[in-house]
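Working notes for the structure below.
The values are calculated or read from the model by the stated rules, or taken from the named source; none is laboratory data. All values reported here derive from a predicted model rather than from experimental measurement. Quick reminder, even Gly has a Cβ in these numbers, built from the backbone with ideal geometry, and neighbours come from all protein chains shown.
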Amino acid sequence: MPAQKKIEYVEKIRERLKPGKAFYFTDFTGLAVKHLEVLRRELRKNNAGYVVLRNTLGFLAMKDMGFDENRINELFVGPTGIAIAFDDPVVLAKVLNSTENLKLKGGIVEGKFFDTTEITRLAKIPSRDVLYGQMVGSINVIANFVGTLESIIRDLMYTLEALKDKEVK
């Protein structure tokens, strides 16, 4: 039977991970403690966190949360740190990709498993503000198109009305 201390620790980890929308598994070997602290500060600014776990205890916590044992077992190899996105998974992927000496192992974004190439692609997605700007620009294009169609229909109506008035006279 596992020690009560370990059971409580796994429970504590699970509670910390539970509100996360995305989990990125990293190997922090070669990352200086100073750089790790800078990374943690950057993550806190972006509504994210970073925890370093013992693989067995992290595995148990993730398994208790309902994730596939085989998939998470592959991620808990070697030194493991988990970056947790509580808000926007894309922002966290950008921060992790730009951190030197931090190796991504894979991740889970909203319940779906991602490998390192998928996380890199995720990091290349423009920020939410840029996407909103693009969407507003698209709406303006559509509005202009609708205005053009309205003017064509209005001109057609005036022409038909003029023809009708001409025939009546």
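Structural remarks
- D129 being assigned to a helix (DSSP H, G or I), more than 29 Å from L39 (Cα to Cα) and among the charged types (D, E, K, R): no
- Qualifying residue in the stretch 59-66 (condition: in the same structural domain as T29 (by TED's automatic domain parsing), under 18 Å from F28 (Cβ atoms) and without any contact (Cβ under 8 Å) to a residue 24 or more places away in the chain): yes
- Being among the acidic types (D, E) and either in contact with a His (Cβ under 7 Å, 6 or more places away or on another chain) or closer than 25 Å to V130 by Cα (or both) is a property that does not hold for D64.
- Considering residues of the stretch 67-84 that are surrounded by 15 or more Cβ atoms within 10 Å (Cβ to Cβ) and either among the aliphatic types (A, V, I, L, M) or not assigned by TED's automatic domain parsing to the domain that holds A22 (or both) only, the residue nearest to R16 (Cα to Cα): I84
- So A48, is it surrounded by 20 or more Cβ atoms within 10 Å (Cβ to Cβ), under 22 Å from L131 (Cβ atoms) and free of Cβ contacts under 8 Å to residues at least 60 places away in the same chain: yes
- Search result, residues across the stretch 5-39 that are free of Cβ contacts under 8 Å to residues at least 12 places away in the same chain and either of a type in the set (V, I, T) or in contact with a helix residue (DSSP H, G or I) (Cβ under 6 Å, 6 or more places away or on another chain) (or both): I7, V33, V38
- Here the condition is being under 29 Å from T80 (Cβ atoms) and of a type in the set (S, T, Y); of T159, T148, T116, it holds for T116 alone.
- Identity of the residue in the stretch 42-65, over 19 Å from the mean Cα position of the chain (by Cα) and β-branched (V, I, T), that ends up farthest from L92 (Cα to Cα): T56
- Among the residues listed as L96, L92, the single one being crowded, with 21+ Cβ neighbours inside 10 Å and under 11 Å from F25 (Cβ atoms): L96
- Candidate set: the stretch 96-142, residues that are under 18 Å from P79 (Cα atoms) and of a type in the set (D, E); chosen: the one nearest to the chain's Cα centre (by Cα): D115
- From the options L43, L60, residue that is in contact with a Gly (Cβ under 8 Å, 6 or more places away or on another chain) and within 21 Å of P19 (Cα to Cα): L43
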